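Working notes for the structure below.
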Amino acid sequence: MKKDEQLEHYRSNNDGEKLTTNQGVRISDDEHSLKAGQRGPTLLEDFHFREKMTHFDHERIPERVVHARGYAAHGMFEVYESMKEYTKAKFLQDPGVQTPVFVRFSTVAGSRGSGDTVRDVRGFSTKFYTEEGNYDLVGNNIPVFFIQDAIKFPDLVHAFKPEPHNEMPQASTAHDTFWDFVSNNTESAHMVMWAMSDRAIPRSYRMMEGFGVHTFRFVNEEGKARFVKFHWKPKLGVHSLVWDEAQKIAGKDPDFHRRDLYEAIELGSFPEYELGVQMIDEADEFSFNFDILDPTKVWPEEEVPVKIIGKMTLNKNVDNVFAEAEQVAFHPGHVVPGIDFSNDPLLQGRLFSYTDTQLTRLGGPNFHELPINRPVCPFHNNQRDGMHRMTIDRGPVSYHKNSLQGGYPETSSASEGGYEHYQEKIDGKKVRQRSESFADHYSQARLFWNSMSAVEKQHIVKAFCFEVGKVKSKDVQQQVVEMFSNVDTALAEEIALSVGAKVPENVKPVDVTAASPALSQENTVKLPQTRKVAVLVNTGFEGKEVTAVMDALTGAGITPEVVGRYLGPVMSSDGEPLEVQKTYLTTDSVLYDGVFIAGGKGFEESMKGLPEAEDFIADTFKHFKTLAATESAAGVVRKLCEGKGNLTPEAGVLLDGGSDPEAFGKKLVEAIAVDRHWSRVQPV
Ligand code: HDD
């Protein structure tokens, strides 16, 4: 791929090389500073020490003000059919043309070192290195935003970041200033519903959707424009963790999501996402009961269908996280001919902010020269100098128009690929106002609520009770309860009860009965591929039967990982060894999609004195994940889980793994694909 070839010029490897200073001078000793006598002071003339230390002292750059924690991968994008009718964007014309991409996923609120599985929105940024220049789709995994006008962004961010007087809490919105902001800025209602839903605790970056959020424009060769919204749909479906599990993972493996992405790519299970577009004709701009420029609104997929137009595959991990994931600079204003903006006031403000922030973060205006940011097509202009300039521009001319250099670099007409802005007619007074059509803050929050399954609703209620319950101000808690009575009375009552607030008397939820089934994760794709299953073993396990089950798992693209009390080989009853890869202390059930207890002689005894082993089984059950066991180990499951819910195969508990291992393996694969077995415990 063109981008990979370009990056190759910058890659460096120390294998077989001599250690030198940055000036290329070979170094004879890298362990002792130069001193006046063995026990004497260090000398200023030690240029090697000075250079090494100075570089180290300046190794850090400011983290992103939002989306600081992230991880990235390379890949490629291919369109399924020509989009010529809708857009002249060259990378969307030709099925078969592969466009290199670089994708960065992120959390929003936390610092660079915070946990991956916190409740938060996830960033989903894609840089397409097209033949016509870089196109960035800088989106999130939630299709709407908290605010309608970019001027409020600094306020929003100040409210959800840790509180400035004590810098707490880290990577969490469960605190006073966030909920104070929400209840005083009711346009946030819809996004808050999403943030309290399971969407905010994804199982994997590979299993979440991405959205461009704003309304953009497609413009075709004839100059005809259409409004467009962008969607990424993961081939593996949309799946989430449960809250207790997410909290535990944040401690057990704070790198859970990056590890998952990294390992999937290393294993060759390349994450895939389809690109979808929703399009609205310019003539239909006002045909909806929401303003299509309002970023707090979705275009319900049942009303405006998503047309799937191509596929992105992530197939290469970064070589160096700093050089690539940290130094990449995305910008929603990086567009190519055929893609244009709308007047969404949130988008308009973003168009300023992204270059501006890179000046601080990357130290000057030449960040486009960093390898990860360079387009794969040539770029020439009269911009010069500045911090860290790498290009050596030759000749005396750095201005347009000129004759000394024959008029070069020259501009291009539209037919030569010159970017021409869509000529939208604008007529208005200069005002600081928001359109009346942005005033409805609750209809789509209610639409979202109506679209959730009973289990999803229960999760939303609990998330609200958790977050608002952590708020100290009684006033703020009361305001939140009142605000969300506009969405649903039962929801507001549950929050009120949980946080000790009053149930408001005269607030009625907004009158919306519609639902959009596409919003519920209940209706997503369910597949076994790339899931991870822990296999718990002890000496004397039934070798043949366990091998057959493990073969069924790997055959379905599931990765089994063997867990036991001690690392190293354990022997089956017929003398075959199986390598234990993790112990109950080095791993945990929250890091798997299901558990198969292979058991073995004295399996129960092997768990004695190790509460971690019991938790492994009990938590799998509690987190609604598939729990399977051979007949010899079924007793342990019953002992730990009886009375806590439904122990049936329909509820994902398979306790007959012995009689027919092949049939059992098949059932296990099916159960893993179901993901969570909500029927295990009835919602209350
Ligand atoms: Fe933003 C980063 C997504 C509104 C200002 N934003 C950033 C990133 C993502 C988004 C995914 C991380 C990019 C990366 O991985 O490097 N932002 C969004 C979405 C928004 C949104 C989907 C609403 C639809 N953002 C938004 C507004 C503003 C900003 C309204 C300011 C007016 N965003 C920034 C920023 C960041 C950023 C401060 C921080 C680091 C960076 O840009 O490069 O400029």
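The values are calculated or read from the model by the stated rules, or taken from the named source; none is laboratory data. No experiment lies behind these values; they were computed from the predicted model shown. Cβ atoms come from the backbone with ideal geometry, glycine included; neighbour counts cover every protein chain shown. Keep in mind that these areas ignore ligands, DNA and RNA; they rest on the heavy atoms of the full protein, side chains included. Shrake-Rupley method; radii C 1.70, N 1.55, O 1.52, S 1.80 Å.
Conditions tested, residue by residue: (1) buried (at least 19 other Cβ atoms within 10 Å of the Cβ); (2) of a type in the set (V, I, T).
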site	(1), (2)
Y584	yes, no
Y592	yes, no
E605	no, no
E670	no, no
V674	no, yes
Taking segment 644-668, which residues are under 32 Å from the mean Cα position of the chain (by Cα) and open to solvent by 40 Å² or more (accessible area, probe 1.4 Å)?
-> E650, K666, K667
Answer yes if at least one residue in segment 381-388 is surrounded by 12 or more Cβ atoms within 10 Å (Cβ to Cβ), assigned by TED's automatic domain parsing to the domain that holds F145, part of a loop (DSSP other than H, G, I, E, B) and over 25 Å from the mean Cα position of the chain (by Cα), and no otherwise.
-> no
Selection within segment 158-213 - within 25 Å of T313 (Cβ to Cβ) and within 16 Å of the ligand (Cβ to nearest atom) = R199, P202, Y205, M208, E209, G210, F211, G212, V213
Name the residue, out of V431, V455, that is modelled with pLDDT of 95 or more and surrounded by 12 or more Cβ atoms within 10 Å (Cβ to Cβ).
-> V455
Can you tell me which residue in segment 583-632 is farthest from R259 (Cα to Cα), limited to those that are part of a helix (DSSP H, G or I) and aromatic (F, W, Y)?
-> F603
Taking segment 336-362 and keeping only residues that are assigned to a loop (DSSP other than H, G, I, E, B) and either open to solvent by less than 30 Å² (accessible area, probe 1.4 Å) or among the aromatic types (F, W, Y) (or both), one is left with V336, P337, G338, F341, S342, D344, L362
Could you say whether any residue in segment 127-141 is among the β-branched types (V, I, T), surrounded by fewer than 23 Cβ atoms within 10 Å (Cβ to Cβ) and within 16 Å of the ligand (Cβ to nearest atom)?
-> yes
Looking at segment 607-635, which of the residues that are in contact (Cβ under 8 Å) with a residue 40 or more places away in the chain and over 29 Å from A246 (Cβ atoms) is surrounded by the most Cβ atoms within 10 Å (Cβ to Cβ)?
-> T630
Give segment 594-603 a look and list any residue that's open to solvent by 30 Å² or more (accessible area, probe 1.4 Å) and in contact with a strand residue (DSSP E or B) (Cβ under 9 Å, 6 or more places away or on another chain), or say none.
-> K601
Only one residue in S353, S403, S398, S412 is in the same structural domain as F227 (by TED's automatic domain parsing), of a type in the set (S, T, Y) and at pLDDT 95 or above, so which one is that?
-> S353
Looking at segment 47-74, which of its residues are within 15 Å of the ligand (Cβ to nearest atom) and surrounded by 17 or more Cβ atoms within 10 Å (Cβ to Cβ)?
-> R64, V66, H67, A68, R69, G70, Y71, A72, A73, H74
Looking only at segment 557-582, which residues are touching a residue at least 60 places away in the same chain (Cβ under 8 Å), open to solvent by 30 Å² or more (accessible area, probe 1.4 Å) and part of a loop (DSSP other than H, G, I, E, B)?
-> G557
Helices (runs of 4 or more DSSP H) completely within segment 176-286 that count 2 or more residues being of a type in the set (D, E, K, R) | 176-184, 243-252, 256-267
In segment 340-380, anything of a type in the set (A, V, I, L, M, F, W, C) and within 16 Å of the ligand (Cβ to nearest atom) is listed as F341, L346, L347, L351, F352, L359, L362, F367, L370, I372
Given (1) touching a Lys or Arg at 6+ places or on another chain (Cβ under 9 Å); (2) farther than 30 Å from G268 by Cα; (3) open to solvent by 50 Å² or more (accessible area, probe 1.4 Å), where does V525 come up short, assuming only one miss?
-> (2)
When both residues are 6+ apart or on different chains and their Cβ atoms are under 7 Å apart, which pairs have a first residue that lies in segment 197-219 and is within 19 Å of A463 (Cα to Cα), and a second that is of a type in the set (K, R) and in a loop (DSSP other than H, G, I, E, B)?
-> A200/R119; I201/R119
When you scan segment 305-330, how many residues do you find that are closer than 23 Å to V277 by Cα, within 16 Å of the ligand (Cβ to nearest atom) and open to solvent by less than 10 Å² (accessible area, probe 1.4 Å)?
-> 2
Single unsatisfied condition, H400 versus (1) under 19 Å from K2 (Cα atoms); (2) surrounded by fewer than 14 Cβ atoms within 10 Å (Cβ to Cβ); (3) not hydroxyl-bearing (S, T, Y) | (1)
Within segment 289-329, count every residue that is in a loop (DSSP other than H, G, I, E, B) and hydroxyl-bearing (S, T, Y).
-> 1
Has segment 87-95 got at least one residue that is surrounded by fewer than 23 Cβ atoms within 10 Å (Cβ to Cβ), more than 16 Å from the ligand (Cβ to nearest atom), polar (S, T, N, Q) and not in a loop (DSSP other than H, G, I, E, B)?
-> no
Which condition number does E302 fail, the rest of (1) away from the ligand (no atom under 16 Å from the Cβ); (2) closer than 23 Å to A68 by Cα; (3) open to solvent by 30 Å² or more (accessible area, probe 1.4 Å) being met?
-> (2)
Count - residues of segment 266-296 that are in contact (Cβ under 8 Å) with a residue 60 or more places away in the chain and open to solvent by 10 Å² or more (accessible area, probe 1.4 Å) | 8
